[in-house]
There are 2 protein chains.
Amino acid sequence: MKTEIKEDKYEELMELAKRRGFFWQSFEIYGGVSGFYDLGPLGTLMKRNIIDLWLKYFVLRHMDLATIVETPVINPAKVFEASGHLESFTDPIVRCDKCGGIFRADKLIEEKLKIRAEGKKPEELTQIIKGNNLRCPSCGGPLGEVRTFNLLFKTTIGPYEGNTGYLRPETAQGMFISFKRVHTVMRNRLPLGIAQIGRVARNEISPRQGMIRLREFTIAEMEFFFDPEKPGQPPFERISGGIKSKLNILRAEDRLKGVEKPSQYTIEEAIEEGIVVSPWMAYWMAVSRDFVKELGLSEEETFFEEKLPEERAHYATQTFDQLVKVSRWGWVEVSGHAYRGDYDLSRHQKYSGQDLTVFRRYEKPIKKKLKKVRINKAIIGRELGSDAVKVISALRAMSPEEVEKLLETPEEFIEIEGHRIPKDAVKVVVQEEVVHGEKVIPHVVEPSFGVERLVFVALDKAYTKEGDRVVLRLPPKIAPIKVAVFPLVTNDEEIVRIAREIYERFLEAGIAALYDTSGAIGRRYYRADEIGVPYAITVDHKSKEDHTVTIRYRDTREQVRIPIGDVIPWITEKVR
Amino acid sequence: MKTEIKEDKYEELMELAKRRGFFWQSFEIYGGVSGFYDLGPLGTLMKRNIIDLWLKYFVLRHMDLATIVETPVINPAKVFEASGHLESFTDPIVRCDKCGGIFRADKLIEEKLKIRAEGKKPEELTQIIKGNNLRCPSCGGPLGEVRTFNLLFKTTIGPYEGNTGYLRPETAQGMFISFKRVHTVMRNRLPLGIAQIGRVARNEISPRQGMIRLREFTIAEMEFFFDPEKPGQPPFERISGGIKSKLNILRAEDRLKGVEKPSQYTIEEAIEEGIVVSPWMAYWMAVSRDFVKELGLSEEETFFEEKLPEERAHYATQTFDQLVKVSRWGWVEVSGHAYRGDYDLSRHQKYSGQDLTVFRRYEKPIKKKLKKVRINKAIIGRELGSDAVKVISALRAMSPEEVEKLLETPEEFIEIEGHRIPKDAVKVVVQEEVVHGEKVIPHVVEPSFGVERLVFVALDKAYTKEGDRVVLRLPPKIAPIKVAVFPLVTNDEEIVRIAREIYERFLEAGIAALYDTSGAIGRRYYRADEIGVPYAITVDHKSKEDHTVTIRYRDTREQVRIPIGDVIPWITEKVR
């Protein structure tokens, strides 16, 4: 899709964000560090509201299916060895031989040569750079060999050197590692979603996209575990419009054909036609669609783009990004939906040596013919004496298939742990047994959101102008300040007293409110509109007589008059 | 105070926490890493509730005084050079020459010799170790020299080596660095509290106290900035009992006399008698007292212990710890209250070269006699030619007092930037000027809470037994699950349908609820009591006829019968 770039709007929004306190670059007094942003008073409150909504959509409304945990940011190296991040969570970089500047090789190539370079190997990228004689974008010097740079922030845990730890780049590993524990706590429920909202860190090479690419940010994500053979039925009735409602999807195969516009599929179609590989993936995409609407975006302003194989993370077999269009950056990802299969649990099972399977109980026990290894201990004992124990336990650790293979040789002996034992000491027999179930590694689909992006996207959408006036049309649920209270004039003690009392009642009720007495009432409305306060209460001369106040709607400027006693419940109902 | 150790209770609580899903040691499948804990489903929800309460007490109820921000966990080295943490945030460690084990030297001495060692220098600790022939507690080997170990987790930001960053050990520096920006956003309001709730990391030597000493945890803290000369009046009417209410305080001077029991002072006394050095410090201590009561602790179970100079952090001139008694660990700190003065802002002003002062406007402009430096440029120009510019700007950078000092010498020349200039080229004159105000660096008091400790403390307090039954008497506001819904029997479709419908209504309303059909109703009550669910709704045969249900109170086992339609508002009112 073509990207409309509205430079002015972006710059105006960034200026507003800084001036009124949504966000700004961190470490300002030390010159700033790229990839780090502070959330100011308004940004922090707004982010909390968005997180509360996410929690409601993904966890509280789904407490029969899902729960939430909190795990550490710092992880021992083993975790990311197992997860594959130490090997695969890398970007290709290239260093200028002259000035020492370091650049992302694929981005450099894409920018200079307008060709796709994502997912290419370092050697290929080096060849492209050499072949096209690309030079350092800073000083024009020659560029070296492309190598990979791991994006994990590295540290040391405790006082002993060598105890390497890394900051997590996603919260997901916390849910995989604790899966068995949580599964037990939840009384072996499956399917089971385990959500987490928390900080992550990615050591980006040179992030330059404001709130869109941060080195440290908050992820809200869920690992949804299910039995691939018996996934269960998602509760489609909980999503807006149910299973017949539509998802905007741009498929990978269409992208390869040059299609740029998404198509609409009902959820049912998307599942039945295999466009989305799992009903649960489709379900959480639909929940994500509903959730993103709460940020003020219409369904037409967002779609799901299926990633190409080279665009997917190492753990995923199918991925959709939910995209939203913003000023300056065009279409950006607000959520990722990955089919992680059994990749992560299998890897952690292998690296930890722990059993991470769940037990799939059959509806009825079944009789199964099973191969079993029979060991004649008497023969082995006689042959090997005190070494027999070792050999027997080695045999026990082998599968029937492995033992069969050993027995296939023409020799009369088999060799175990350096000892020869006669073949008649070991047999593989087929035996009928009653089996109650089997062990399976659950599969996982993951919806994952970057929360700071959601703040940015909602602000970008809400930012509108009426002439010179800025009105931030934030949905009341996510607006950082819910209500403004103004005394019409400040030289009337009674009016001021009433206004202040109403304000204090909001404080007491825990509803974020602002009180402003400075300047003409029009200027005060303007200041409140600019930060998205959806309702403004004004106490005027009439308030003294009939105990009513006016409430002005930000978006329509309509005013209604209501009794002072009704103010708190009126606002509460609108903003919750 | 004497510490009662109830080993059994602690172990029972830890077992419950793990089995039912409050918390457990992280990275379990990899053998665990000390100092890291996961919060499970119940712990995470409970922590959220505690944070919401904190936010209400410290920010939402005080929006006329305070606000909140969110700043990065990873900071460039400069921040902790300025803050003093690189120099001072250390523990003394000693290494065994034989086995290589590393131990906290002061704790080792305190344990073995029963003497106080906190705050002593490494050389002193080495002497004590050698003098008393202390050996390695693991292998009995000889111990080396004591050295300091910095507790900041270290990392590198970006792809260039040498760009050192550290994980913050407190959120506070984020508020100091962004103070000027936030102060401007808040329209130069003073006093101004800037709160933050976020992750911090401390690379403890060998943490072994469960949830009490973590390497990574969440802090909820506020830096409250005020003009030390015009601090303003805290709104004492907002705290429970007002300014006449009491604080339990154990003063440092009493501790030195061997006193172990705190005394009661009204807030007014504490301020007037200088027991607490700032009214704002006393105010936030009172808010903290009120807040901690919400966790289920009575006022008698908590007190403020003034720290001795050697126990205070490097930035503090007075500190109180709010202590709470828990099983196993005795009195533990749940909040720290530090008078940080202008230490942090002054340091950041120095290290950043930015002006971090605020302008204290006088009520009326005043006339002031000010010393001014007068420079006769003609003379300097004549004497120095092209070097004059440099010398003049050097003179301009000097204060009148500095110039006066130079002029005091007997010589006829003064030396500036290696040039001699005649004394009559520079004069210090006294001049009357109208002054509207002056620049001041605000002072800061800081209330700071460790959130995971609050979770632990609240659980420890709530844990009670009635015979073999565990009842977790958590206050409804912080209980992770607010309500349980049970069909009395599961073989009656209508009863099950009604129960399920009530449960789904709770999900829809975003109220954390559980639904349980497993086993006899008594067992279900038991399971709910054990995790602190304050209310249990049972749908029975009567429900089918008159559309009512019973609600059972966890603590009293009292039951009331209410119409099904009233269930949601009834529970909502009790738990919010």
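Only a single item in (1) surrounded by 15 or more Cβ atoms within 10 Å (Cβ to Cβ); (2) at pLDDT below 95; (3) outside any strand (DSSP E or B) is not met by residue A:490, and it is number (1). Among the candidates B:208, B:215, B:251, B:289, the residue that is basic (Lys, Arg) and modelled with pLDDT under 95 is uniquely B:208. Has the range B:166-173 got at least one residue that is within 13 Å of another protein chain (Cβ to nearest Cβ) and more than 21 Å from the chain's Cα centre (by Cα)? Within the range B:166-173 (the criterion being within 13 Å of another protein chain (Cβ to nearest Cβ) and more than 21 Å from the chain's Cα centre (by Cα)), the answer is no, since none of the residues qualifies. Those strands (runs of 3 or more DSSP E) of the range A:32-118 in which 2 or more residues are within 12 Å of chain B (Cβ to nearest Cβ), of a type in the set (Val, Ile, Thr) and open to solvent by less than 20 Å² (accessible area, probe 1.4 Å) occupy A:66-68, A:90-95. Say whether the condition of being on the phi < 0 side of the Ramachandran plot, open to solvent by less than 10 Å² (accessible area, probe 1.4 Å), touching a strand residue (DSSP E or B) at 6+ places or on another chain (Cβ under 7 Å) and modelled with pLDDT of 95 or more is met by at least one residue in the range A:236-246. No, that holds for no residue.
Kindly indicate which of B:146, B:182 is farther than 24 Å from residue A:17 by Cβ and either away from chain A (no Cβ under 13 Å) or among the aliphatic types (A, V, I, L, M) (or both).
Working: B:182 fails: farther than 24 Å from residue A:17 by Cβ.
Testing whether each residue is farther than 24 Å from residue A:17 by Cβ and either away from chain A (no Cβ under 13 Å) or among the aliphatic types (A, V, I, L, M) (or both) leaves just B:146.
The set of residues in the range A:43-57 that are within 9 Å of residue B:67 (Cβ to Cβ) and aliphatic (A, V, I, L, M) contains only A:45.
Applying the set (1) open to solvent by less than 30 Å² (accessible area, probe 1.4 Å); (2) part of a strand (DSSP E or B) to residue B:415 leaves exactly one unmet item: (1).
Before we move on, is residue A:442 out of contact with any helix residue (DSSP H, G or I) (no Cβ under 6 Å at 6 or more places or on another chain) and either open to solvent by less than 10 Å² (accessible area, probe 1.4 Å) or of a type in the set (Ser, Thr, Tyr) (or both)? Against the criterion (out of contact with any helix residue (DSSP H, G or I) (no Cβ under 6 Å at 6 or more places or on another chain) and either open to solvent by less than 10 Å² (accessible area, probe 1.4 Å) or of a type in the set (Ser, Thr, Tyr) (or both)), residue A:442 qualifies. Here the condition is being away from chain A (no Cβ under 14 Å), among the hydroxyl-bearing types (Ser, Thr, Tyr) and more than 38 Å from the chain's Cα centre (by Cα); of B:548, B:556, it holds for B:548 alone.
When the test is whether a residue is open to solvent by 10 Å² or more (accessible area, probe 1.4 Å) and in a helix (DSSP H, G or I), residue B:542 passes it. Of the residues contained in the range B:472-479, none is found to be under 23 Å from residue A:61 (Cβ atoms), modelled with pLDDT of 95 or more, open to solvent by less than 10 Å² (accessible area, probe 1.4 Å) and within 12 Å of chain A (Cβ to nearest Cβ).
In the range A:301-346, counting only strands (runs of 3 or more DSSP E) that sit wholly within it, the ones holding 2 or more residues that are β-branched (Val, Ile, Thr) span A:318-326, A:330-341. In the range B:561-576, which residue that is under 20 Å from residue B:496 (Cα atoms) and in contact with a helix residue (DSSP H, G or I) (Cβ under 9 Å, 6 or more places away or on another chain) is most open to solvent (accessible area, probe 1.4 Å)? Checking each candidate, the answer is B:561. Out of A:154, A:180, one residue alone is modelled with pLDDT of 95 or more, among the charged types (D, E, K, R) and within 25 Å of residue B:514 (Cβ to Cβ). It is A:180.
Go through the residues of the range B:207-228 one by one and say whether even a single one is of a type outside the set (A, V, I, L, M, F, W, C), at the interface with another protein chain (Cβ under 9 Å from one of its Cβ atoms), part of a strand (DSSP E or B) and within 14 Å of the chain's Cα centre (by Cα). The answer is yes; a qualifying residue exists.
Restricting the range B:513-533 to residues that are away from chain A (no Cβ under 14 Å) and touching a strand residue (DSSP E or B) at 6+ places or on another chain (Cβ under 7 Å) leaves a set whose member that is surrounded by the most Cβ atoms within 10 Å (Cβ to Cβ) is B:532.
Residue by residue, here is whether (1) touching a residue at least 24 places away in the same chain (Cβ under 8 Å); (2) within 19 Å of residue A:55 (Cα to Cα); (3) among the aliphatic types (A, V, I, L, M); (4) in contact with a Gly (Cβ under 8 Å, 6 or more places away or on another chain) holds:
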site: A:240; (1), (2), (3), (4): yes, yes, no, no
site: A:245; (1), (2), (3), (4): yes, no, no, no
site: A:250; (1), (2), (3), (4): yes, no, yes, no
site: A:260; (1), (2), (3), (4): yes, no, no, no
site: A:274; (1), (2), (3), (4): no, no, no, no
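Tell me whether the range A:9-25 contains one or more residues that are within 20 Å of the chain's Cα centre (by Cα) and assigned to a helix (DSSP H, G or I). No: the range A:9-25 contains no residue that is within 20 Å of the chain's Cα centre (by Cα) and assigned to a helix (DSSP H, G or I).
The values are calculated or read from the model by the stated rules, or taken from the named source; none is laboratory data. Bear in mind that the values here come from a model prediction, so they are computed numbers and not experimental data. Cβ sites come from the backbone with ideal geometry, for glycine too, and all protein chains shown count toward neighbours. Each accessible area value is taken on the protein alone, full model and side chains, heavy atoms only, with ligands, DNA and RNA left out. Shrake-Rupley method; radii C 1.70, N 1.55, O 1.52, S 1.80 Å.
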